[in-house]
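Single-structure report; data block below.
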Amino acid sequence: MRVAVIGTGPIGGTLGRAFARGGHQVVFGSRHPEGSSAAGDTSATVASAEAAVKGSEVVVLALPGTAVDEFLDACGPLLADRLVVDATNRITAKVPNGLESVRDKAPGARYARAAPVRRAGRTAGARPSSGVPHADRSRVGGSDEHVR
């Protein structure tokens, strides 16, 4: 699968390298791709966010929550027919995820919320018995019934 990971920090870097090690084609999207070490020892590459999105099937948002709208303003229309996995956390916002922004700025994108794991080990919606975070899924657009 071709995966764009938007964000090269601790969350994006960890996810992208894991996807690459799992055999996926990963391109990190960065505002400053030159000299980035996000790919580490994997086959992943680093490019501009726009270039990363253009070649992808899945886009993982792993950038600061405050940067999501700026990213969507620039690349939202490119997300049509792609699955957008939201691993952001908008700590100070009324709603801690990017669903409304993706819905408004990326028509035709499909949306899945990756529940963030906080330092305390749990978030609202986590299943304490298994320790596996709960993922909220919402259909933004498209026709994939399994994403609902």
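Read the figures in this text as sums done on the coordinates, not as results from a lab. Owing to the predicted nature of the structure, the values given are computational and were not obtained by experimental measurement. So basically every Cβ, Gly included, is an ideal-geometry build from the backbone, and we count neighbours across all protein chains shown.
Report the calculated FRET efficiency for Glu34 and Val95 (r = Cβ-Cβ distance, R0 = 30 Å), to the nearest 0.05.
Calculated transfer efficiency: 0.30.
Of the options Thr45, Val68, Val58, report the single residue whose Cα projects farthest towards the positive end of the charge dipole of region 42-89 (beta-carbon charges: Lys, Arg +1; Asp, Glu -1).
Result: Thr45.
Between Glu70 and Lys54, what length in nm is gained on full extension when 0.36 nm per residue of separation is reduced by their alpha carbon distance?
Value of the extension gain: 4.0 nm.
Rounded, prolate or oblate: which one fits region 1-58, using the alpha carbon gyration tensor with axes a ≥ b ≥ c (rounded when a/c is under 1.5, else prolate when a/b beats b/c, else oblate)?
Details: a/c = 1.62, a/b = 1.07, b/c = 1.52.
Cα axes put region 1-58 in the oblate bin.
Indicate the gyration tensor shape class of region 74-118 (rounded, prolate or oblate), computed on the Cα atoms with a ≥ b ≥ c the square roots of the eigenvalues: a/c under 1.5 is rounded; otherwise a/b larger than b/c is prolate and the rest oblate. Write out the running numbers ahead of the final one.
Numbers: a/c = 2.64, a/b = 1.70, b/c = 1.55.
Taking the square roots of the gyration eigenvalues as a ≥ b ≥ c, region 74-118 is prolate.
Non-local amide H neighbours of Val84 (under 5 Å, H modeled in plane, Pro and chain starts lacking H): which ones?
Amide H to amide H, under 5 Å and 5 or more residues apart or across chains, Val84 pairs with Val59, Arg110, Tyr111, Ala112.
Run the quick spin-label model on Gln25 and Arg103: label points 7 Å from Cα toward the beta carbon, then report their separation in nm to one decimal.
So the label points at Gln25 and Arg103 sit 3.3 nm apart.
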